[in-house]
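The values are calculated or read from the model by the stated rules, or taken from the named source; none is laboratory data. Just so we're clear, the structure is a prediction, and the values are computed from it rather than from any experiment. Cβ atoms come from the backbone with ideal geometry, glycine included; neighbour counts cover every protein chain shown.
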Amino acid sequence: MAAALSLSACGSLRYYGQAVRGQAELVLHRRGIEAMVDDPAVSPVVASRLRLALRARHFASAELGLPDNRSYTTYVDLHRPYVVWNVFATRPYSVDALPQCFPIAGCVAYRGWFNEAAAQADAARLHARGDDVWVGGVAAYSTLGWFADPIVSSMLRGDDTQLIGTIFHELAHQLIYVPGDTTFNESFASFVQAEGLRQWRVVQGLPQQESCSAAHEQAFTRLVLDLRERLKVLYASGAEPAVLAAQKQAEFAAFRERYARWRNPHWSDIQAYDAWVAAPLNNARLVPFGLYSRWVPAFAQLFARSGGDWSGFYARVRALAAAAKSRRDRQLQAMLPAADPGHPSTCTET
């Protein structure tokens, strides 16, 4: 970090300074969960969620082969809705994120801020120079094992599945991480999260998660990725900026029409997508889609080839991680199932 700071301009110094302060606050204010759950001053609801987190934390190491360390054995009340806010940015006629490069994490598709106002100011700066920008709150993140990451209060805002899944996901980042390959890292962690949750439910005697919600999420993601591909073709056409601007908005309008045809008014879990579609659209809002899911089916195939053995699976993933990105992508692409040409969702929930 010191080397990075010494080579940075003022804007980077300011960014790294807030990152150091934000991480230091988490370290200074964390409390051991085992002591907290027996503290009568702690809300019974919070204590119950933290007991669950400890059980999931033990399960992650004992059953999923994830790192056995002090991460997620402490707690921090943030007194804010998110731990960080990520700023995504693209050029006005590109669907590719402007890369943000860091000493340890490599280049990623976003820049994280511990303060929402600072994130919005960064977004305003990028917007003023003509970029498409989007700011999204994040409930948790991983320091890749450099610090003992705590459970933060923003992680408790979701349901039990989200809390447990987040612990599995972030610990997976600590186990295997490839600097500069966000899609690989997030897809790997998302697979570990999904399979870990499936095994957790089996051991706990819980019913498996309803399939409709997951089917809707996958189908909506496909709709957005289709929009992104259409825009990519448009931007590569070489048309004049004025033409691109008009056709860009036409693509957004056509996407909303496709969404309206796909949407079933009886689906109970669809409201979040309604709000997303109704909000102003730009290239940057599309960036997160696919980062977390593109290679998940390939990792599922790799897990099956490993006979469902986590140790063997991780060995295969490490071999992929060690390969050059072009070769890694080809190998993952070869393990993807054939695209489904049918309707984007076959779920019949009413």
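What to note about this one:
- Scanning the stretch 15-45 for residues that are assigned to a helix (DSSP H, G or I), buried (at least 16 other Cβ atoms within 10 Å of the Cβ) and among the hydrophobic types (A, V, I, L, M, F, W, C) yields 19, 26, 33, 36.
- Residue check, residue 94 of a type outside the set (A, V, I, L, M, F, W, C) and closer than 24 Å to residue 288 by Cβ: yes
- Scope the stretch 67-100; condition in a strand (DSSP E or B) and touching a residue at least 12 places away in the same chain (Cβ under 8 Å); matching residues: 74, 75, 76, 84, 85, 86, 87, 88, 89, 90, 97
- Qualifying residue in the stretch 150-163 (condition: over 15 Å from the mean Cα position of the chain (by Cα), of a type in the set (A, V, I, L, M) and either part of a helix (DSSP H, G or I) or within 25 Å of residue 312 (Cα to Cα) (or both)): yes
- Complete set of residues in the stretch 170-201 that are under 12 Å from the mean Cα position of the chain (by Cα), farther than 16 Å from residue 214 by Cβ and buried (at least 19 other Cβ atoms within 10 Å of the Cβ): 170, 173, 182, 184, 185, 186, 188, 189
- Number of positions in the stretch 106-148 that are assigned to a strand (DSSP E or B) and under 21 Å from residue 23 (Cα atoms): 10
- Filtered residue count, the stretch 205-219, keeping only those that are surrounded by 13 or more Cβ atoms within 10 Å (Cβ to Cβ) and either over 16 Å from the mean Cα position of the chain (by Cα) or polar (S, T, N, Q) (or both): 7
- Every residue from the stretch 260-297 that is free of Cβ contacts under 8 Å to residues at least 60 places away in the same chain and more than 23 Å from the chain's Cα centre (by Cα): 260, 261, 263, 265
- Residue count for the stretch 180-204 satisfying the condition of being part of a helix (DSSP H, G or I) and either over 30 Å from residue 96 (Cβ atoms) or acidic (Asp, Glu) (or both): 11.
The rows are residues; the columns are (1) of a type in the set (Gly, Ala, Ser); (2) modelled with pLDDT of 95 or more; (3) surrounded by fewer than 16 Cβ atoms within 10 Å (Cβ to Cβ); (4) within 30 Å of residue 307 (Cβ to Cβ).
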{"site": "61", "(1), (2), (3), (4)": "yes, yes, yes, yes"}
{"site": "70", "(1), (2), (3), (4)": "no, yes, yes, no"}
{"site": "86", "(1), (2), (3), (4)": "no, yes, no, no"}
{"site": "100", "(1), (2), (3), (4)": "no, no, no, no"}
{"site": "129", "(1), (2), (3), (4)": "no, yes, yes, no"}
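- Residue 135 crowded, with 22+ Cβ neighbours inside 10 Å, of a type in the set (Val, Ile, Thr), under 23 Å from residue 182 (Cβ atoms) and in contact with a Phe, Trp or Tyr (Cβ under 7 Å, 6 or more places away or on another chain): no
- Of residues in the stretch 74-90 being farther than 14 Å from residue 27 by Cβ and hydrophobic (A, V, I, L, M, F, W, C), the one farthest from the chain's Cα centre (by Cα): 89
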